Amino acid sequence: MASYNTSDFRKGLKIQIEGEPYMVIESNFRKPGKGNAIYTLRMRNLVRGTVLERNYKGGESVEAADVEEIEGQYLYRQGDKYVFMDTSNYEQYELSTEQIGDAWKYLKDGTLCQMVLFESNPITVTPPNHVVLKIEYCEPGAKGNTATNVTKPVKVETGAEIQCPSFVEMGELVRVDTRTGEYIERVKE
Amino acid sequence: MNQTDLATAWRPSPDWSEIRLRAEVLRQTRAFFQEHDFLEVETPLLSTDTVVDAEIEPISLSCGIEGKKFFLQTSPELCMKRLLAAGGEALFQITRAFRDEECGPLHNPEFTILEWYRLGDSMQKGMDFLSDLFQSLMNTDRAIRCRYRDAFLKFTGLDPFTCEAAQFAQVATANGLAAPAQLGDDIDDWLDFLLIEMVMPHLGLEAPVILYDYPASQAALANVRAEAIPVAERFELFYQGIELANGYHELCDPHELARRTAQANAKRTQQGRRPLPDGGKLHAAMKAGLPPCTGVALGVDRLVMLAAKKKQLDEVIAFTIDRA
(Lines give C-alpha, C1' and ligand atoms only; values in the text may rest on other atoms or scores of the structure.)
Protein backbone atom coordinates (compact mmCIF):
# COMPACT_ATOMS: atom_id res chain seq x y z
CA MET A 1 0.00 0.00 0.00
CA ALA A 2 1.35 3.41 -0.95
CA SER A 3 2.06 5.84 1.84
CA TYR A 4 3.07 9.46 2.34
CA ASN A 5 5.90 10.65 4.54
CA THR A 6 5.62 13.90 6.54
CA SER A 7 7.79 15.61 3.92
CA ASP A 8 5.08 14.85 1.30
CA PHE A 9 2.34 16.50 3.40
CA ARG A 10 0.45 19.22 1.56
CA LYS A 11 -3.03 20.56 0.91
CA GLY A 12 -5.10 18.32 -1.35
CA LEU A 13 -3.39 15.06 -0.39
CA LYS A 14 -5.78 12.11 -0.07
CA ILE A 15 -5.01 9.83 2.82
CA GLN A 16 -6.57 6.99 4.74
CA ILE A 17 -7.12 6.86 8.48
CA GLU A 18 -8.73 3.89 10.22
CA GLY A 19 -10.04 2.70 6.86
CA GLU A 20 -11.70 5.99 5.88
CA PRO A 21 -10.57 8.38 3.13
CA TYR A 22 -9.68 11.98 3.95
CA MET A 23 -8.54 14.97 1.96
CA VAL A 24 -6.01 17.32 3.56
CA ILE A 25 -7.45 20.85 3.73
CA GLU A 26 -4.60 22.43 5.68
CA SER A 27 -1.06 21.31 6.43
CA ASN A 28 1.05 23.10 9.03
CA PHE A 29 4.67 22.73 10.09
CA ARG A 30 5.93 23.80 13.51
CA LYS A 31 9.37 23.18 14.93
CA PRO A 32 11.57 24.64 17.64
CA GLY A 33 14.89 25.49 15.91
CA LYS A 34 16.85 22.67 17.49
CA GLY A 35 13.88 20.48 18.30
CA ASN A 36 11.48 17.95 16.92
CA ALA A 37 9.14 18.93 14.08
CA ILE A 38 5.37 18.66 14.46
CA TYR A 39 3.26 18.37 11.31
CA THR A 40 -0.44 19.13 11.73
CA LEU A 41 -3.01 18.01 9.20
CA ARG A 42 -6.59 19.28 9.08
CA MET A 43 -8.56 16.99 6.84
CA ARG A 44 -12.07 16.38 5.62
CA ASN A 45 -13.62 12.95 5.68
CA LEU A 46 -14.56 12.31 2.04
CA VAL A 47 -17.55 10.16 2.98
CA ARG A 48 -19.04 11.96 5.97
CA GLY A 49 -17.70 15.49 5.48
CA THR A 50 -16.49 15.72 9.09
CA VAL A 51 -13.20 17.47 9.87
CA LEU A 52 -10.34 15.80 11.72
CA GLU A 53 -7.06 17.25 13.00
CA ARG A 54 -4.00 15.10 13.67
CA ASN A 55 -0.40 15.80 14.70
CA TYR A 56 2.56 13.84 13.33
CA LYS A 57 6.20 13.69 14.24
CA GLY A 58 8.72 14.31 11.45
CA GLY A 59 9.39 11.06 9.57
CA GLU A 60 6.02 9.46 10.35
CA SER A 61 4.00 8.21 7.42
CA VAL A 62 0.31 7.85 6.63
CA GLU A 63 -1.42 5.50 4.21
CA ALA A 64 -2.44 6.97 0.88
CA ALA A 65 -6.12 6.65 -0.01
CA ASP A 66 -6.92 4.99 -3.32
CA VAL A 67 -9.28 7.75 -4.39
CA GLU A 68 -10.25 8.46 -7.97
CA GLU A 69 -12.48 11.10 -9.54
CA ILE A 70 -14.59 10.09 -12.50
CA GLU A 71 -17.40 11.53 -14.62
CA GLY A 72 -20.52 9.54 -13.81
CA GLN A 73 -23.68 9.72 -15.91
CA TYR A 74 -26.94 9.24 -14.02
CA LEU A 75 -28.90 6.44 -15.71
CA TYR A 76 -31.93 5.54 -13.59
CA ARG A 77 -33.26 4.80 -10.14
CA GLN A 78 -34.05 1.28 -9.04
CA GLY A 79 -35.81 1.11 -5.66
CA ASP A 80 -33.52 2.94 -3.26
CA LYS A 81 -30.51 2.59 -5.56
CA TYR A 82 -29.28 5.24 -7.97
CA VAL A 83 -27.44 3.86 -10.96
CA PHE A 84 -24.55 5.73 -12.61
CA MET A 85 -22.17 4.92 -15.43
CA ASP A 86 -18.50 5.85 -15.69
CA THR A 87 -18.44 7.70 -19.05
CA SER A 88 -14.87 6.60 -19.74
CA ASN A 89 -15.38 2.82 -19.51
CA TYR A 90 -19.18 2.26 -19.19
CA GLU A 91 -18.67 0.66 -15.77
CA GLN A 92 -21.89 0.94 -13.73
CA TYR A 93 -22.12 1.93 -10.08
CA GLU A 94 -25.01 1.93 -7.61
CA LEU A 95 -25.33 4.52 -4.88
CA SER A 96 -27.66 4.32 -1.91
CA THR A 97 -30.10 7.06 -0.87
CA GLU A 98 -27.73 7.90 1.96
CA GLN A 99 -24.74 8.28 -0.36
CA ILE A 100 -26.76 10.44 -2.76
CA GLY A 101 -27.80 12.88 -0.04
CA ASP A 102 -29.48 15.94 -1.55
CA ALA A 103 -28.13 15.28 -5.04
CA TRP A 104 -31.32 13.34 -6.02
CA LYS A 105 -33.12 16.67 -6.29
CA TYR A 106 -31.07 17.54 -9.36
CA LEU A 107 -30.74 14.18 -11.10
CA LYS A 108 -32.43 13.77 -14.48
CA ASP A 109 -31.70 10.86 -16.78
CA GLY A 110 -28.36 11.50 -18.43
CA THR A 111 -27.09 14.16 -15.97
CA LEU A 112 -23.28 14.17 -15.91
CA CYS A 113 -21.97 14.23 -12.35
CA GLN A 114 -18.60 14.21 -10.66
CA MET A 115 -18.13 10.98 -8.72
CA VAL A 116 -15.47 10.00 -6.21
CA LEU A 117 -14.43 6.35 -5.95
CA PHE A 118 -12.62 4.98 -2.91
CA GLU A 119 -11.01 1.60 -3.56
CA SER A 120 -13.18 1.41 -6.70
CA ASN A 121 -16.40 1.97 -4.74
CA PRO A 122 -18.41 5.16 -5.20
CA ILE A 123 -18.52 7.34 -2.08
CA THR A 124 -19.85 10.69 -3.24
CA VAL A 125 -21.57 12.19 -6.23
CA THR A 126 -21.69 15.90 -7.05
CA PRO A 127 -24.14 17.19 -9.67
CA PRO A 128 -23.12 20.09 -11.95
CA ASN A 129 -23.28 23.50 -10.20
CA HIS A 130 -26.24 24.52 -12.36
CA VAL A 131 -29.03 22.32 -13.69
CA VAL A 132 -32.17 23.11 -15.71
CA LEU A 133 -35.37 21.52 -14.37
CA LYS A 134 -38.97 21.51 -15.65
CA ILE A 135 -41.73 22.71 -13.35
CA GLU A 136 -44.21 19.90 -12.89
CA TYR A 137 -46.62 21.59 -10.52
CA CYS A 138 -47.10 25.00 -8.89
CA GLU A 139 -49.88 27.40 -7.90
CA PRO A 140 -50.77 29.80 -10.73
CA GLY A 141 -48.46 32.80 -11.03
CA ALA A 142 -49.45 36.31 -10.07
CA LYS A 143 -49.66 38.00 -13.49
CA GLY A 144 -47.41 40.99 -13.90
CA ASN A 145 -45.60 40.38 -10.65
CA THR A 146 -41.93 40.34 -11.65
CA ALA A 147 -40.55 40.68 -8.13
CA THR A 148 -38.12 37.85 -7.35
CA ASN A 149 -38.38 38.28 -3.58
CA VAL A 150 -41.96 36.93 -3.45
CA THR A 151 -41.57 33.15 -3.69
CA LYS A 152 -43.71 30.04 -3.76
CA PRO A 153 -42.92 26.32 -3.53
CA VAL A 154 -42.61 24.63 -6.92
CA LYS A 155 -42.46 20.90 -7.67
CA VAL A 156 -39.95 20.08 -10.38
CA GLU A 157 -39.60 17.04 -12.65
CA THR A 158 -37.27 15.20 -10.23
CA GLY A 159 -39.93 15.38 -7.53
CA ALA A 160 -38.02 17.94 -5.48
CA GLU A 161 -39.63 21.10 -4.12
CA ILE A 162 -37.84 24.36 -4.88
CA GLN A 163 -38.61 27.95 -3.90
CA CYS A 164 -39.18 30.03 -7.05
CA PRO A 165 -40.45 33.57 -7.65
CA SER A 166 -44.24 33.68 -7.77
CA PHE A 167 -44.31 34.56 -11.52
CA VAL A 168 -43.12 31.13 -12.78
CA GLU A 169 -45.68 28.81 -14.37
CA MET A 170 -46.21 25.07 -14.76
CA GLY A 171 -44.29 23.61 -17.70
CA GLU A 172 -41.60 26.32 -17.62
CA LEU A 173 -37.90 25.55 -17.25
CA VAL A 174 -35.83 27.01 -14.40
CA ARG A 175 -32.11 27.04 -13.74
CA VAL A 176 -31.18 26.00 -10.19
CA ASP A 177 -27.91 26.27 -8.26
CA THR A 178 -27.30 22.77 -6.88
CA ARG A 179 -24.90 24.01 -4.18
CA THR A 180 -27.51 26.22 -2.50
CA GLY A 181 -30.72 24.72 -3.90
CA GLU A 182 -31.73 28.22 -5.03
CA TYR A 183 -33.59 29.36 -8.14
CA ILE A 184 -31.41 31.39 -10.53
CA GLU A 185 -33.51 32.22 -13.60
CA ARG A 186 -36.12 31.08 -16.08
CA VAL A 187 -34.82 29.33 -19.20
CA LYS A 188 -36.41 29.32 -22.67
CA GLU A 189 -36.69 25.93 -24.36
CA MET B 1 4.11 25.12 -13.15
CA ASN B 2 1.38 25.88 -15.73
CA GLN B 3 0.85 29.21 -17.53
CA THR B 4 -1.99 30.36 -15.25
CA ASP B 5 0.14 29.78 -12.14
CA LEU B 6 3.14 31.46 -13.74
CA ALA B 7 1.10 34.55 -14.47
CA THR B 8 1.02 35.27 -10.73
CA ALA B 9 3.89 33.17 -9.33
CA TRP B 10 6.63 35.22 -10.97
CA ARG B 11 5.73 38.11 -8.67
CA PRO B 12 7.26 38.61 -5.21
CA SER B 13 4.76 37.80 -2.43
CA PRO B 14 5.54 40.77 -0.08
CA ASP B 15 4.67 44.39 -0.73
CA TRP B 16 7.46 46.87 -1.46
CA SER B 17 6.99 48.36 2.02
CA GLU B 18 8.21 45.02 3.49
CA ILE B 19 11.07 44.71 1.02
CA ARG B 20 12.20 48.21 2.06
CA LEU B 21 11.72 47.40 5.75
CA ARG B 22 14.08 44.42 5.39
CA ALA B 23 16.79 46.70 3.99
CA GLU B 24 16.28 49.07 6.92
CA VAL B 25 16.43 46.24 9.51
CA LEU B 26 19.68 44.98 7.93
CA ARG B 27 21.14 48.52 7.93
CA GLN B 28 20.29 49.07 11.61
CA THR B 29 21.61 45.62 12.57
CA ARG B 30 24.98 46.29 10.94
CA ALA B 31 25.12 49.74 12.60
CA PHE B 32 24.42 48.21 16.03
CA PHE B 33 27.23 45.65 15.69
CA GLN B 34 29.66 48.23 14.35
CA GLU B 35 28.87 50.53 17.31
CA HIS B 36 29.71 47.61 19.61
CA ASP B 37 33.03 46.95 17.88
CA PHE B 38 32.11 43.69 16.21
CA LEU B 39 33.85 42.71 12.99
CA GLU B 40 31.64 41.60 10.09
CA VAL B 41 32.90 38.36 8.56
CA GLU B 42 31.96 36.01 5.72
CA THR B 43 32.36 32.24 5.73
CA PRO B 44 31.49 29.63 3.08
CA LEU B 45 27.98 28.31 2.57
CA LEU B 46 29.42 25.06 1.19
CA SER B 47 31.49 22.86 3.43
CA THR B 48 32.43 19.20 3.73
CA ASP B 49 31.62 19.62 7.45
CA THR B 50 28.23 20.22 8.98
CA VAL B 51 26.86 20.66 12.46
CA VAL B 52 25.54 17.28 13.57
CA ASP B 53 22.10 17.97 15.03
CA ALA B 54 19.65 15.19 15.78
CA GLU B 55 16.71 17.21 14.43
CA ILE B 56 18.22 19.35 11.65
CA GLU B 57 18.61 17.91 8.18
CA PRO B 58 21.26 19.56 6.01
CA ILE B 59 21.00 19.77 2.23
CA SER B 60 23.91 17.96 0.62
CA LEU B 61 25.23 18.42 -2.90
CA SER B 62 27.82 16.84 -5.08
CA CYS B 63 30.07 19.32 -6.82
CA GLY B 64 32.60 18.71 -9.53
CA ILE B 65 35.42 19.40 -7.10
CA GLU B 66 37.56 16.34 -6.40
CA GLY B 67 34.30 14.33 -6.36
CA LYS B 68 33.59 15.64 -2.87
CA LYS B 69 30.21 15.84 -1.19
CA PHE B 70 29.37 19.22 0.31
CA PHE B 71 26.74 20.44 2.74
CA LEU B 72 24.97 23.78 2.57
CA GLN B 73 25.46 25.24 6.02
CA THR B 74 22.59 24.92 8.51
CA SER B 75 24.18 27.88 10.35
CA PRO B 76 27.59 29.59 10.12
CA GLU B 77 28.54 28.15 13.54
CA LEU B 78 31.42 25.88 12.51
CA CYS B 79 33.40 28.39 10.47
CA MET B 80 32.79 31.26 12.88
CA LYS B 81 34.16 29.16 15.74
CA ARG B 82 37.18 28.31 13.61
CA LEU B 83 37.74 32.07 13.19
CA LEU B 84 37.44 32.55 16.96
CA ALA B 85 39.96 29.79 17.64
CA ALA B 86 42.28 31.53 15.15
CA GLY B 87 42.18 34.90 16.93
CA GLY B 88 38.73 36.42 16.32
CA GLU B 89 37.30 38.35 19.27
CA ALA B 90 33.88 39.80 18.45
CA LEU B 91 32.50 38.61 15.13
CA PHE B 92 29.14 38.87 13.42
CA GLN B 93 27.76 37.67 10.13
CA ILE B 94 24.52 38.02 8.18
CA THR B 95 24.22 35.12 5.79
CA ARG B 96 22.00 32.37 4.41
CA ALA B 97 21.40 29.05 6.08
CA PHE B 98 19.61 26.01 4.65
CA ARG B 99 17.60 23.32 6.41
CA ASP B 100 16.01 20.56 4.42
CA GLU B 101 12.32 19.66 4.97
CA GLU B 102 11.60 22.87 6.90
CA CYS B 103 8.70 24.49 5.12
CA GLY B 104 5.68 26.25 6.63
CA PRO B 105 4.23 29.63 7.56
CA LEU B 106 7.25 30.30 9.82
CA HIS B 107 9.84 28.20 7.99
CA ASN B 108 11.54 28.48 4.63
CA PRO B 109 14.27 25.93 3.78
CA GLU B 110 16.57 28.84 2.84
CA PHE B 111 16.64 31.70 5.33
CA THR B 112 18.66 34.69 6.48
CA ILE B 113 20.54 34.19 9.72
CA LEU B 114 22.35 36.72 11.89
CA GLU B 115 25.00 35.10 14.04
CA TRP B 116 27.48 36.65 16.44
CA TYR B 117 30.12 35.61 18.98
CA ARG B 118 32.06 37.55 21.59
CA LEU B 119 34.94 36.18 23.63
CA GLY B 120 34.68 36.40 27.40
CA ASP B 121 30.89 36.82 27.51
CA SER B 122 29.09 34.78 30.16
CA MET B 123 25.56 33.51 29.40
CA GLN B 124 24.28 36.48 31.42
CA LYS B 125 26.22 38.94 29.28
CA GLY B 126 25.10 37.16 26.13
CA MET B 127 21.44 37.51 27.16
CA ASP B 128 21.96 41.20 28.02
CA PHE B 129 23.48 41.88 24.60
CA LEU B 130 20.67 40.00 22.81
CA SER B 131 18.07 41.95 24.79
CA ASP B 132 19.78 45.28 23.96
CA LEU B 133 19.94 44.42 20.25
CA PHE B 134 16.31 43.34 20.14
CA GLN B 135 15.16 46.41 22.07
CA SER B 136 17.02 48.70 19.71
CA LEU B 137 15.76 47.03 16.52
CA MET B 138 12.16 46.44 17.57
CA ASN B 139 11.47 49.27 20.06
CA THR B 140 10.34 46.80 22.71
CA ASP B 141 10.86 46.75 26.47
CA ARG B 142 13.85 44.94 27.92
CA ALA B 143 13.53 41.16 27.58
CA ILE B 144 12.15 39.30 30.59
CA ARG B 145 14.46 36.43 31.71
CA CYS B 146 12.82 33.16 32.72
CA ARG B 147 14.35 29.74 33.40
CA TYR B 148 13.18 27.05 30.97
CA ARG B 149 12.08 25.01 33.96
CA ASP B 150 10.03 27.86 35.48
CA ALA B 151 8.23 28.50 32.18
CA PHE B 152 7.28 24.82 31.96
CA LEU B 153 6.10 24.74 35.56
CA LYS B 154 4.02 27.87 35.01
CA PHE B 155 2.28 26.85 31.80
CA THR B 156 2.09 23.05 32.07
CA GLY B 157 2.45 22.42 35.81
CA LEU B 158 5.20 19.89 35.00
CA ASP B 159 8.87 19.85 35.93
CA PRO B 160 10.69 19.32 32.63
CA PHE B 161 13.77 18.01 34.44
CA THR B 162 12.14 15.22 36.46
CA CYS B 163 8.81 14.25 34.83
CA GLU B 164 8.40 11.12 32.74
CA ALA B 165 6.76 10.55 29.37
CA ALA B 166 3.54 9.25 30.94
CA GLN B 167 3.07 12.48 32.91
CA PHE B 168 3.61 14.60 29.79
CA ALA B 169 1.11 12.44 27.90
CA GLN B 170 -1.45 12.84 30.67
CA VAL B 171 -1.19 16.64 30.66
CA ALA B 172 -1.41 16.72 26.85
CA THR B 173 -4.62 14.66 26.92
CA ALA B 174 -6.08 16.75 29.77
CA ASN B 175 -5.52 19.85 27.61
CA GLY B 176 -7.19 18.34 24.56
CA LEU B 177 -3.94 17.96 22.64
CA ALA B 178 -3.55 15.09 20.20
CA ALA B 179 0.11 14.13 20.51
CA PRO B 180 1.75 12.38 17.55
CA ALA B 181 1.45 8.63 17.99
CA GLN B 182 5.20 8.19 17.69
CA LEU B 183 6.35 10.44 20.55
CA GLY B 184 6.79 7.37 22.71
CA ASP B 185 9.14 7.64 25.65
CA ASP B 186 11.52 10.27 24.33
CA ILE B 187 11.47 13.06 26.93
CA ASP B 188 12.92 15.65 24.54
CA ASP B 189 10.22 14.92 21.95
CA TRP B 190 7.59 15.48 24.63
CA LEU B 191 9.27 18.67 25.83
CA ASP B 192 9.33 20.04 22.27
CA PHE B 193 5.68 19.14 21.70
CA LEU B 194 4.50 20.78 24.92
CA LEU B 195 6.79 23.77 24.34
CA ILE B 196 5.11 24.34 20.96
CA GLU B 197 1.56 23.73 22.16
CA MET B 198 1.47 25.04 25.72
CA VAL B 199 4.46 27.27 26.47
CA MET B 200 5.50 29.21 23.34
CA PRO B 201 2.06 30.74 22.64
CA HIS B 202 2.34 32.64 25.97
CA LEU B 203 5.89 33.92 25.52
CA GLY B 204 6.67 37.53 24.68
CA LEU B 205 3.13 38.76 24.14
CA GLU B 206 4.20 42.14 25.56
CA ALA B 207 7.92 42.37 26.34
CA PRO B 208 10.16 39.74 24.68
CA VAL B 209 11.04 36.72 26.85
CA ILE B 210 14.40 34.95 27.06
CA LEU B 211 14.23 31.37 28.34
CA TYR B 212 17.53 30.07 29.74
CA ASP B 213 19.09 27.09 31.50
CA TYR B 214 17.79 24.41 29.13
CA PRO B 215 17.68 20.67 29.87
CA ALA B 216 21.19 19.20 29.52
CA SER B 217 19.78 16.75 26.93
CA GLN B 218 19.07 19.79 24.70
CA ALA B 219 22.47 21.43 25.15
CA ALA B 220 23.48 21.02 21.48
CA LEU B 221 26.81 22.91 21.49
CA ALA B 222 26.24 24.82 24.74
CA ASN B 223 28.31 24.39 27.87
CA VAL B 224 26.62 22.27 30.55
CA ARG B 225 26.86 23.74 34.05
CA ALA B 226 27.31 21.20 36.84
CA GLU B 227 24.51 21.54 39.41
CA ALA B 228 22.31 19.14 41.38
CA ILE B 229 20.50 18.71 38.04
CA PRO B 230 23.01 19.86 35.37
CA VAL B 231 21.65 22.52 33.00
CA ALA B 232 22.68 23.64 29.53
CA GLU B 233 23.85 27.25 29.35
CA ARG B 234 21.58 27.79 26.41
CA PHE B 235 19.03 30.59 25.93
CA GLU B 236 16.33 31.49 23.44
CA LEU B 237 14.41 34.67 22.74
CA PHE B 238 10.67 34.61 22.03
CA TYR B 239 8.45 37.46 20.91
CA GLN B 240 4.73 37.27 20.09
CA GLY B 241 4.86 33.52 20.76
CA ILE B 242 7.55 33.06 18.08
CA GLU B 243 11.08 31.74 18.57
CA LEU B 244 13.63 34.22 17.21
CA ALA B 245 17.09 33.53 18.59
CA ASN B 246 19.13 30.75 20.12
CA GLY B 247 22.29 31.34 22.11
CA TYR B 248 24.93 29.32 23.90
CA HIS B 249 27.61 29.95 26.42
CA GLU B 250 29.74 27.85 24.14
CA LEU B 251 31.08 24.39 24.67
CA CYS B 252 34.89 24.58 24.39
CA ASP B 253 35.89 21.00 25.25
CA PRO B 254 36.75 18.97 22.10
CA HIS B 255 36.20 15.61 23.85
CA GLU B 256 32.71 16.62 24.87
CA LEU B 257 32.09 17.81 21.28
CA ALA B 258 33.01 14.35 19.98
CA ARG B 259 30.75 12.69 22.55
CA ARG B 260 27.74 14.90 21.64
CA THR B 261 28.30 14.44 17.91
CA ALA B 262 28.26 10.65 18.39
CA GLN B 263 25.13 10.95 20.53
CA ALA B 264 23.32 13.13 17.93
CA ASN B 265 24.28 10.64 15.20
CA ALA B 266 22.99 7.75 17.30
CA LYS B 267 19.62 9.51 17.65
CA ARG B 268 19.60 10.27 13.91
CA THR B 269 20.18 6.62 13.05
CA GLN B 270 17.50 5.50 15.48
CA GLN B 271 15.01 7.89 13.81
CA GLY B 272 15.87 6.59 10.37
CA ARG B 273 17.96 9.62 9.35
CA ARG B 274 21.40 9.31 7.76
CA PRO B 275 24.33 9.81 10.14
CA LEU B 276 26.42 12.90 9.34
CA PRO B 277 30.22 13.11 9.11
CA ASP B 278 31.82 14.54 12.23
CA GLY B 279 34.07 16.58 9.98
CA GLY B 280 36.85 17.21 12.35
CA LYS B 281 37.82 20.79 11.48
CA LEU B 282 35.83 22.22 14.40
CA HIS B 283 37.22 19.50 16.64
CA ALA B 284 40.76 20.44 15.54
CA ALA B 285 40.01 24.13 16.14
CA MET B 286 38.69 23.38 19.62
CA LYS B 287 41.75 21.25 20.35
CA ALA B 288 43.90 24.22 19.38
CA GLY B 289 41.74 26.27 21.75
CA LEU B 290 38.34 27.92 21.44
CA PRO B 291 38.38 30.65 24.13
CA PRO B 292 35.32 30.92 26.40
CA CYS B 293 32.62 32.88 24.56
CA THR B 294 28.92 33.29 24.00
CA GLY B 295 27.29 33.05 20.59
CA VAL B 296 23.78 33.71 19.31
CA ALA B 297 21.91 33.01 16.07
CA LEU B 298 18.84 35.03 15.14
CA GLY B 299 16.31 34.46 12.36
CA VAL B 300 16.27 37.67 10.32
CA ASP B 301 13.18 36.81 8.24
CA ARG B 302 11.10 36.33 11.37
CA LEU B 303 12.51 39.55 12.80
CA VAL B 304 11.41 41.48 9.69
CA MET B 305 8.05 39.69 9.80
CA LEU B 306 7.42 40.81 13.40
CA ALA B 307 8.70 44.33 12.69
CA ALA B 308 6.19 44.49 9.83
CA LYS B 309 3.43 43.07 12.09
CA LYS B 310 2.91 40.21 9.62
CA LYS B 311 1.99 36.61 10.35
CA GLN B 312 3.81 34.58 7.71
CA LEU B 313 7.28 34.60 6.20
CA ASP B 314 5.97 34.84 2.64
CA GLU B 315 4.77 38.33 3.53
CA VAL B 316 8.40 39.45 3.97
CA ILE B 317 10.54 37.07 1.88
CA ALA B 318 10.55 38.17 -1.77
CA PHE B 319 10.47 34.64 -3.17
CA THR B 320 9.78 31.80 -0.73
CA ILE B 321 10.62 28.25 -1.81
CA ASP B 322 7.28 27.77 -3.61
CA ARG B 323 8.12 30.68 -5.95
CA ALA B 324 11.91 30.46 -5.92
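For A:Ser96, the conditions (1) closer than 19 Å to A:Arg48 by Cβ; (2) surrounded by 13 or more Cβ atoms within 10 Å (Cβ to Cβ) are fulfilled apart from (2). Assess whether A:Ile123 counts as being farther than 14 Å from A:Gly159 by Cα, touching a strand residue (DSSP E or B) at 6+ places or on another chain (Cβ under 9 Å), hydrophobic (A, V, I, L, M, F, W, C) and part of a helix (DSSP H, G or I). Here the answer is no, as A:Ile123 does not meet what is asked.
Quick check on this structure: which one of B:Pro208, B:Pro215 is of a type outside the set (A, V, I, L, M), modelled with pLDDT of 95 or more, in contact with a Leu (Cβ under 7 Å, 6 or more places away or on another chain) and over 28 Å from B:Lys311 (Cβ atoms)?
Details: B:Pro208 fails: over 28 Å from B:Lys311 (Cβ atoms).
So the residue among B:Pro208, B:Pro215 that is of a type outside the set (A, V, I, L, M), modelled with pLDDT of 95 or more, in contact with a Leu (Cβ under 7 Å, 6 or more places away or on another chain) and over 28 Å from B:Lys311 (Cβ atoms) is B:Pro215.
Within the range B:218-276, take every residue that is among the basic types (Lys, Arg) and modelled with pLDDT of 95 or more and give me the one that is surrounded by the fewest Cβ atoms within 10 Å (Cβ to Cβ).
Here is the first cut: in the range B:218-276, the ones among the basic types (Lys, Arg) are B:225, B:234, B:259-260, B:267-268, B:273-274.
Next, from what is left, pick out any that are modelled with pLDDT of 95 or more: B:225, B:234, B:259-260.
Numbers: B:Arg225: 14, B:Arg234: 26, B:Arg259: 11, B:Arg260: 20.
Selected residue: B:Arg259.
Please verify whether B:Ile56 is part of a loop (DSSP other than H, G, I, E, B), aliphatic (A, V, I, L, M) and surrounded by 16 or more Cβ atoms within 10 Å (Cβ to Cβ), treating the condition exactly as stated.
Details: part of a loop (DSSP other than H, G, I, E, B): yes; aliphatic (A, V, I, L, M): yes; surrounded by 16 or more Cβ atoms within 10 Å (Cβ to Cβ): yes.
Yes, satisfied.
Of everything listed in (1) under 19 Å from B:Asn246 (Cβ atoms); (2) in a loop (DSSP other than H, G, I, E, B), the single unmet condition for B:Ser13 is (1). For the range B:269-285, a residue qualifies if it is within 14 Å of another protein chain (Cβ to nearest Cβ) and touching a residue at least 60 places away in the same chain (Cβ under 8 Å), and the qualifying residues are B:Gln271, B:Arg273. Scanning the range B:233-274 for residues that are assigned to a loop (DSSP other than H, G, I, E, B) and among the polar types (S, T, N, Q), which turns out farthest from B:Thr50 (Cα to Cα)? Ranking the qualifying residues of the range B:233-274, first place goes to B:Gln240.
Tally up the residues in the range B:156-171 that are aliphatic (A, V, I, L, M) and farther than 12 Å from B:Trp190 by Cα, please. Write out each step before concluding.
Residues of the range B:156-171 that are aliphatic (A, V, I, L, M), as a first pass: B:158, B:165-166, B:169, B:171.
Retained after the next criterion (residues that are farther than 12 Å from B:Trp190 by Cα): none.
Residues that pass the stated criteria total 0.
Within the range B:59-97, if we keep just the residues that are within 14 Å of chain A (Cβ to nearest Cβ) and farther than 24 Å from B:Pro254 by Cα, the residue that is surrounded by the most Cβ atoms within 10 Å (Cβ to Cβ) turns out to be B:Ala97. Counting just the residues of the range A:49-72 that are assigned to a loop (DSSP other than H, G, I, E, B), touching a residue at least 24 places away in the same chain (Cβ under 8 Å) and within 21 Å of the chain's Cα centre (by Cα), which one comes out nearest to the other protein chains (Cβ to nearest Cβ)? The extreme case among them is A:Ala65.
What residue, among those in the range A:17-42 that are out of contact with any Ser or Thr (no Cβ under 9 Å at 6 or more places or on another chain) and assigned to a strand (DSSP E or B), is farthest from B:Arg302 (Cα to Cα)? The residue in question is A:Glu20. Would you be able to say whether some residue in the range B:309-316 is at pLDDT 95 or above, crowded, with 19+ Cβ neighbours inside 10 Å and not in a helix (DSSP H, G or I)? Within the range B:309-316 (the criterion being at pLDDT 95 or above, crowded, with 19+ Cβ neighbours inside 10 Å and not in a helix (DSSP H, G or I)), the answer is yes, since at least one residue qualifies. Considering only the range B:16-47, state which residues are under 21 Å from the mean Cα position of the chain (by Cα) and assigned to a loop (DSSP other than H, G, I, E, B). Selection gives B:Phe38, B:Val41, B:Glu42, B:Thr43, B:Pro44, B:Leu45.
The values are calculated or read from the model by the stated rules, or taken from the named source; none is laboratory data. Predicted model only: the values in this text are computed from it and were never measured. Note that we place each Cβ from the backbone using ideal geometry, even for glycine, and neighbour counts take in every protein chain shown.
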